[in-house]
Amino acid sequence: MALVRAGIPFEVRGYAHAAAVTDFGGEAAAALGVAPERVFKTLLAEVDGVLAVGIVPVSGTLDLKALAAALGGKRAAMADPALAERRTGYVVGGISPIGQRTSLRTVLDVSAREHGTVLVSGGRRGLDLELRPDDLARATAAIWARIGRAS
């Protein structure tokens with residue numbers, strides 16, 4: 001695992017994923033007893049035609065204009081889910097920002113710094129990884145920017 005190789009401490013947090021659930025982040029927060037603001041979702045977008053990753057709290061949404069600006073682009077749109085799965089090697093609802101098949105430019109929302117630890121997908125539905133925000137940024141080579149918007 002990428003975190004082990006990088007010497008980054010983390011905790012594996014598993015839960016029983018209900019097949020009918022499509023609010024994957026909300027399900028994780030509830031099942032793990034964690035505030036939704038501490039659970040972060042991994043979203044892929046095309047910024048000026050190039051895939052990029054935005055990591056934002058599950059309690060909000062990705063601000064596509066802010067993501068584009070953070071990466072020096074002009075325009076961003078959500079990536080096709082099938083493309084996201086092919087490029088990351090993970091299924092939607094279980095896309096981890098860590099250990100993706102293809103290294104993509106990544107932006108982590110600054111709100112992560114408000115918490116001692118945050119949770120992100122561990123690569124499948126029902127599995128999260130808990131780690132310090134700075135360690136998440138280091139593991140993903142992320143830049144910090146305000147890219148989240150409250151829902």
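The values are calculated or read from the model by the stated rules, or taken from the named source; none is laboratory data. Just so you know, these numbers come straight off a predicted model, no measurement behind them. Cβ coordinates were reconstructed from backbone atoms using ideal geometry, including for glycine residues, and neighbour counts include every protein chain displayed. For the accessible areas, the whole protein counts, side chains as well, though only heavy atoms, and no ligand, DNA or RNA atoms are used. Shrake-Rupley method; radii C 1.70, N 1.55, O 1.52, S 1.80 Å.
The set of residues from the stretch 37-54 being under 15 Å from Gly93 (Cβ atoms) and of a type outside the set (S, T, N, Q) comprises Val39, Phe40, Lys41, Leu43, Leu44.
Taking the criterion of being of a type in the set (Ser, Thr, Tyr) and surrounded by fewer than 11 Cβ atoms within 10 Å (Cβ to Cβ), the only residue of the stretch 1-26 that qualifies is Thr22.
The set of residues in the stretch 39-50 being assigned to a loop (DSSP other than H, G, I, E, B) and in contact with a strand residue (DSSP E or B) (Cβ under 9 Å, 6 or more places away or on another chain) consists of Asp48 alone.
From the list Ala45, Ala76, Ala29, pick out the single residue that is of a type in the set (A, V, I, L, M, F, W, C), more than 18 Å from Ala142 (Cβ to Cβ) and open to solvent by less than 40 Å² (accessible area, probe 1.4 Å). Full working, then the answer.
On the way: Ala45 fails: more than 18 Å from Ala142 (Cβ to Cβ); Ala76 fails: more than 18 Å from Ala142 (Cβ to Cβ).
Just a single option satisfies the conditions, and that option is Ala29.
Arg87 meets the conditions (1) in contact (Cβ under 8 Å) with a residue 40 or more places away in the chain; (2) surrounded by fewer than 20 Cβ atoms within 10 Å (Cβ to Cβ); (3) touching an Asp or Glu at 6+ places or on another chain (Cβ under 8 Å) in every case but one. The failed one is (3).
Identify, from the list Thr106, Thr140, the residue that is open to solvent by less than 60 Å² (accessible area, probe 1.4 Å), hydroxyl-bearing (Ser, Thr, Tyr) and under 16 Å from Leu64 (Cβ atoms). Don't jump to the end; show me each part of the working.
Numbers: Thr140 fails: under 16 Å from Leu64 (Cβ atoms).
Matching residue, one of Thr106, Thr140: Thr106.
Per-residue answers, yes or no, for (1) at pLDDT below 95; (2) assigned to a strand (DSSP E or B):
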{"residue": "Arg13", "(1), (2)": "no, yes"}
{"residue": "His17", "(1), (2)": "yes, no"}
{"residue": "Ala31", "(1), (2)": "yes, no"}
{"residue": "Glu37", "(1), (2)": "no, no"}
{"residue": "Ala68", "(1), (2)": "no, no"}
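Residue check: Leu119 meets all listed conditions (1) under 27 Å from Ala18 (Cα atoms); (2) modelled with pLDDT of 95 or more; (3) in contact with a Phe, Trp or Tyr (Cβ under 6 Å, 6 or more places away or on another chain) but one, namely (3). Looking only at residues in the stretch 124-137 that are under 14 Å from Gly25 (Cβ atoms) and among the hydrophobic types (A, V, I, L, M, F, W, C), the one that is most open to solvent (accessible area, probe 1.4 Å) is Leu127.
For the structure I just gave you, tell me whether Gly54 is open to solvent by less than 70 Å² (accessible area, probe 1.4 Å), in a loop (DSSP other than H, G, I, E, B) and not basic (Lys, Arg). Answer is no for this residue. Whenever a residue of the stretch 135-150 is more than 14 Å from Leu104 (Cα to Cα), its partners that are open to solvent by 60 Å² or more (accessible area, probe 1.4 Å) and among the aliphatic types (A, V, I, L, M), lying with C-beta atoms within less than 8 angstrom and at least six residues away or across chains, give the pairs Ala145/Ala69.
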